[in-house]
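The values are calculated or read from the model by the stated rules, or taken from the named source; none is laboratory data. Source: prediction; values computed, not measured. Don't worry about glycine lacking a Cβ; one is built from the backbone with ideal geometry, like all the others, and counts go over all protein chains shown. The protein model used for the area step is the full one, side chains on, heavy atoms only, and it has no ligands, DNA or RNA in it. Shrake-Rupley method; radii C 1.70, N 1.55, O 1.52, S 1.80 Å.
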Amino acid sequence: MRRSLRLPLWLPIILISQFTFATELGIDGTKFMVNGKPTFLLGISYYGALGAPKELILQDLNDIQRCGFNWIRVWATWSAFGKDVSAVDAEGSPREPFFSKLRWLVSECDKRGLIVDITLSRGNGVVGPKRLQTLDAHLRAVRNLVTALKEFRNWYLDLANECNIRDDRFVSINELKVLRDEVKLLDPKRLVTASFAGDMSRDDLREFLLTVHVDFLAIHRPRHTKSPKETGEWTKRYLQWMKDFGRVIPVHYQEPFRRGFTRGWEPTADDFWTDLTQALESGAAGWCFHNGDQRHDLPDRKPRRSFDMSEQRLFEQLDEEEKALLKRLTEKRRT
């Protein structure tokens, strides 16, 4: 039986309590649907989850729900700080024990009403080895994931993280279409996207919308001081362009800015809050509280946050500004 929750009017997030029946993600126009109800996806980066002990994951999931998050982003190709926790290998074949652990995590989230973003990346050799460098290997990874997790309806697939970057991560439009079509052949209702680094041009949007035919846009906006206040205008621009093209789908801010990434700018709780509010008020369908390691100044790059949870769980690694954001989210949920 679901608990009824009082939600602030400005934050139209359907927060789902723990229950035993399956959780199903869908789309209706520009909105995500969870079990048939319009839902703003409020998420948190949880990249290296497959390297974390299960007991720590369960503690994090409790805190994730307490704060009002309803989805997590997990990578199936993650290797950092000498720890390869990828669920598939370089050729796309299952890699144990992490492949089975991914299934366990999706199942646990399904019971809790949480959505899971499963992300693939070819990598560029900076964080771990390159992988999925051929279309055959990439297709093999897609087939293995979709087949093994087909019974669960609470996850979607990001075919290729920041696929437009012209290094070893690059995946062409034609390749993306082949990969997307393979997913739909195996599981016609599975939602699929391909994340894009930077603000999309009109031509980029047309290709993702009409050629690749993604189910929703997954945008990684630029990371600079003006970004938080620009998100609303970019959302409206995307929605208008899609109307012009005759097909309108959700706009999902899957990986915004984070702390520890940009020299000279450490986003504050207010910056995160502004970005989230801009996304909500402009008609976006989802937003993520992104987090990761400290890229500059610290030799061990700690706190590593979601990039390495082998020793400490995510919520133990967040700094004071990040905790301030979570406190604000929790308080809003209770009002």
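Pairs Lys83/Lys323; Lys37/Lys243; Lys37/Lys184; Lys226/Lys332: which exceed 30 Å Cα-Cα? Write out the running numbers ahead of the final one.
Numbers: Lys83/Lys323 27 Å; Lys37/Lys243 23 Å; Lys37/Lys184 23 Å; Lys226/Lys332 25 Å.
Check vs 30 Å cut-off fails for no pair.
The ellipsoid equivalent to the alpha-carbon distribution of the chain has semi-axes of 25, 24, 22 angstrom, derived from the gyration tensor eigenvalues as √(5λ) and listed largest first.
Out of the trypsin sites (Lys or Arg not before Pro) in segment 222-264, which ones are loop residues according to DSSP with at most 11 other C-beta atoms within 10 Å? When the trypsin sites (Lys or Arg not before Pro) of segment 222-264 are filtered for loop state and at most 11 Cβ neighbours within 10 Å, Lys226, Arg247, Arg263 remain. Taking only the Cα atoms of segment 197-299, the radius of gyration and Dmax are 14.5, 50 Å. The gain in end-to-end length when the Leu210 to Arg328 segment is fully stretched comes to 38.6 nm, 0.36 nm per residue minus the alpha carbon separation. Note on segment 45-180: antiparallel DSSP beta bridges, both residues inside, total approximately 25 percent of the bridges counted. Note: segment 142-185, Cα convex hull, 72 Å³ per residue.
Dipole size of the chain about its Cα centre, with +1 on Lys/Arg Cβ and -1 on Asp/Glu Cβ: approximately 780 debye, rounded to the nearest 20. Probing with 1.4 Å while keeping every protein chain in the model, the per residue accessible area of segment 30-169 equals 33 Å².
Counting only Cα atoms, segment 225-278 measures 41, 16, 14 Å along its principal axes, largest extent leading.
For the peptides 149-156, 162-169, 181-188, residues were scored by their other Cβ atoms within 10 Å and the scores averaged per peptide; the highest-first order is 149-156, 162-169, 181-188. Each Cα pair under 8 Å and six or more residues apart adds its sequence gap; the mean of these over the residue count of the chain is a relative contact order of 19 percent. Rg ratio for segment 244-335: its Cα radius of gyration over 2.2 N^0.38 Å, N being its residue count, equals 1.25.
Within the accessible surface of the chain, defined with a 1.4 Å probe on protein heavy atoms only, the carbon and sulfur portion equals 50 percent.
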